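In what follows, a structure is listed as structure tokens, so that the remarks can point back to it.
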Amino acid sequence: MKEIQQSQKHIKDLALSLGADVVGFCKLPTPTALCPDLPYGISIAVKLSDAVLQTIDSAPTFVYFQHYRTANALLDQIAFRIAREIEKLGFSAMPIAASQSQGKENPYRGVIPHKTVASLSGLGFVGKSGLFLTESYGSKVRFATILTDMPVQAELPVMQNGCGDCTICAKACPAGAIFGEKPLTSGERNIDPEKCSKYMKEHFQDIGRGSVCGVCIKVCPKNKLN
């Protein structure tokens, strides 16, 4: 038990020193199909800039697109470094990129949802927008994940959905892709990712080839924008 706590603290301290703002740990309820021998998850997040988010109105901006990509790159670097450190400790680890998909066969799902690992780690909850809402930063975060066989333990209890009756994100979504309902326990999404993606490609093609929006993040009252 003591060795687990020491190793976990070492990894957490490393992630924070590399630029992560939030770090969580959990055991997965079921191993992933890609790496069934890695039953534990480490969730890392970086906070997005308040000033950058303020530039978003009813559409994304070049500043937001560039910031989004930079946040993803930082997360990928942190996850890569953490995986290397875990291997030095004698375990296996697989970093999962901040932006991921299973390709053309399933373009809207990744190897494992970052939000699943973050939820199990007690870092927050999935809101009605489909975004993950953290206690400290609301939805203005980006995530990456590390899967590993290094034993870790959740440090926080799983949080309940805290959106209440709020439907601001659903009303603000330019694509109409947010249903405004809480996520279902059976695993179905409460947003339409294909509708969201198609709208971005049709209307925001001149900004990052229609790969980002950010409106739902900007309007979320949990964000406590400065």
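As an exercise: evaluate Ile96 against (1) within 19 Å of Gly210 (Cα to Cα); (2) buried (at least 19 other Cβ atoms within 10 Å of the Cβ); (3) of a type in the set (A, V, I, L, M) and give the number of the one condition it does not meet.
(1)
So, in the stretch 139-179, how many residues would count as being touching a strand residue (DSSP E or B) at 6+ places or on another chain (Cβ under 9 Å), more than 24 Å from Val23 (Cβ to Cβ) and not hydrophobic (A, V, I, L, M, F, W, C)?
The qualifying residues number 2.
Okay, residues lined up against (1) of a type in the set (A, V, I, L, M); (2) crowded, with 18+ Cβ neighbours inside 10 Å; (3) over 25 Å from Asp192 (Cβ atoms):
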site	(1), (2), (3)
Phe65	no, yes, no
Lys115	no, yes, no
Leu131	yes, yes, no
Gly138	no, yes, no
Leu147	yes, yes, yes
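From the residues in the stretch 44-63 that are under 30 Å from Asp13 (Cβ atoms) and β-branched (Val, Ile, Thr), which one is surrounded by the most Cβ atoms within 10 Å (Cβ to Cβ)?
Keep residues of the stretch 44-63 that are under 30 Å from Asp13 (Cβ atoms), which gives 44-53.
Going one step further and asking which of them are β-branched (Val, Ile, Thr), we end up with 44, 46, 52.
Values: Ile44: 33, Val46: 22, Val52: 20.
Once the filter is applied, the top-ranked residue is Ile44.
Of these, Cys196, Cys216, which one is on the phi < 0 side of the Ramachandran plot and over 15 Å from the mean Cα position of the chain (by Cα)? Even if it seems obvious, please write down each step before you answer.
Numbers: Cys216 fails: over 15 Å from the mean Cα position of the chain (by Cα).
Every option except Cys196 fails the conditions.
Anything in the stretch 171-194 that is over 16 Å from Phe125 (Cβ atoms), out of contact with any Asp or Glu (no Cβ under 9 Å at 6 or more places or on another chain) and either modelled with pLDDT of 70 or more or surrounded by 15 or more Cβ atoms within 10 Å (Cβ to Cβ) (or both)? List them, or say none.
Passing the criteria: Lys171, Ala172, Cys173, Pro174, Asp192, Pro193, Glu194.
Need at least 3 residues that are aromatic (Phe, Trp, Tyr) per element, so show me which helices (runs of 4 or more DSSP H) inside the stretch 1-97 make the cut, counting only ones lying wholly within it. Let's see the steps before the verdict.
Numbers: elements: 2-17, 50-53, 62-88.
Here the list reads 62-88.
Would you point out the residue of the stretch 149-166, among those that are of a type in the set (D, E, K, R) and either crowded, with 16+ Cβ neighbours inside 10 Å or in contact (Cβ under 8 Å) with a residue 60 or more places away in the chain (or both), that is nearest to Pro36 (Cα to Cα)?
So the first thing to find is which residues in the stretch 149-166 are of a type in the set (D, E, K, R), and the list is 149, 155, 165.
Subsequent filtering for residues that are either crowded, with 16+ Cβ neighbours inside 10 Å or in contact (Cβ under 8 Å) with a residue 60 or more places away in the chain (or both) retains 149, 155.
Numbers: Asp149: 10, Glu155: 23 Å.
Selected residue: Asp149.
The values are calculated or read from the model by the stated rules, or taken from the named source; none is laboratory data. Note that the structure is predicted; figures quoted are calculated from it, not measured. Glycine also receives a Cβ, built like all others from the backbone with ideal geometry; neighbour counts cover every protein chain displayed.
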